[in-house]
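See below for the structure under consideration.
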Amino acid sequence: MSAGELVADLGPRWLVVPAGIGADDRDAWVRSNVDRVRALGEDWPADAAELVPALLAHAVDRRGEDHLVLTFWPSVVPLPATVRISVLASPGRAAIADELRARPTSRAEHVDGARLGPGVEWVHADALPGERGEQLIGIQACFADDETMVLVTLDPTLPALLPHVADPVRELARTVERVRAGHPWVARPLPEGVGTRSDRETWPAWHRA
């Protein structure tokens with residue numbers, strides 16, 4: 001599905017990861033951003049600067065086909081959080097609401113004040129490789145009408161890192177705009193009965209095509 005134009009307000013700790021570039025362009029992009037990222041690391045460990053080129057290259061190599069991919073570089077550690085923004089065909093607002101209602105122990109929260117219109121956010125999790133019982137934690141927000149949905153997904157990250165990236169990711173989600181033919185696309189509210197839940201259960205991320 002055509003994404004139209006996706007734009008967002010990006011502060012200095014955000015970096016857009018380019019799509020569809022070859023090895024030479026990838027290496028040039030890494031070199032052009034190393035100093036910028038290192039400048040964000042005043043509070044990082046002394047040897048952290050050496051990791052930056054490899055982390056930038058890794059971000060490009062794992063970018064995938066999402067319409068817009070960004071990394072957020074927190075002040076505490078040189079470990080970027082990855083956020084993916086995708087525009088997909090909507091299963092319909094009723095179907096999205098049914099999915100949320102079908103998981104009564106999930107934590108789902110309304111997103112208000114976003115440029116994309118009314119949305120809903122939840123926490124999702126993934127297994128931590130090689131660690132029994134440990135999980136990586138991420139956030140996903142959905143904005144939809146009956147034809148289209150926009151997903152803003154924080155890839156699962158270390159639980160200790162989540163408090164340092166969650167608020168910037170949520171603020172980013174509120175500034176995202178989708179423009180088609182010069183006009184902003186705006187989501188419609190989900191049907192009534194999809195409310196905020198406050199327990200610790202999570203549900204899987206919505207699959208992106």
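The values are calculated or read from the model by the stated rules, or taken from the named source; none is laboratory data. Quick caveat: nothing in here was measured; it's all calculated off a predicted structure. Note: ideal-geometry Cβ built from the backbone for every residue, glycine included; neighbour counts use all protein chains shown. Keep in mind that these areas ignore ligands, DNA and RNA; they rest on the heavy atoms of the full protein, side chains included. Shrake-Rupley method; radii C 1.70, N 1.55, O 1.52, S 1.80 Å.
Structure notes:
- Among the residues making up region 50-79, those that are part of a loop (DSSP other than H, G, I, E, B), of a type outside the set (Asp, Glu) and within 21 Å of Val7 (Cβ to Cβ) are Arg63, Gly64, His67, Trp73.
- The residues of region 175-190 that are closer than 16 Å to Val69 by Cα and either part of a loop (DSSP other than H, G, I, E, B) or not polar (S, T, N, Q) (or both), listed by number, are Val176, Glu177, Arg178.
- Qualifying residue in region 52-63 (condition: among the charged types (D, E, K, R) and in contact with a helix residue (DSSP H, G or I) (Cβ under 7 Å, 6 or more places away or on another chain)): no
- If you check Glu177, Glu171 for being modelled with pLDDT of 95 or more, open to solvent by 70 Å² or more (accessible area, probe 1.4 Å) and closer than 26 Å to Val16 by Cβ, only one passes: Glu171.
- Subset of region 99-112 [open to solvent by less than 60 Å² (accessible area, probe 1.4 Å) and at pLDDT 85 or above]: Glu109, Val111
- Count - residues of region 180-209 that are buried (at least 17 other Cβ atoms within 10 Å of the Cβ) and at pLDDT below 90: 6
- Being assigned to a strand (DSSP E or B), surrounded by 15 or more Cβ atoms within 10 Å (Cβ to Cβ) and touching a residue at least 24 places away in the same chain (Cβ under 8 Å) is a property that Arg115 lacks.
Let's see how each residue does on (1) surrounded by fewer than 21 Cβ atoms within 10 Å (Cβ to Cβ); (2) at pLDDT 95 or above; (3) aliphatic (A, V, I, L, M):
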| residue | (1), (2), (3) |
| --- | --- |
| Leu79 | yes, no, yes |
| Ala97 | yes, no, yes |
| Trp122 | no, no, no |
| Ala125 | yes, no, yes |
| Glu131 | yes, no, no |
| Val150 | no, yes, yes |
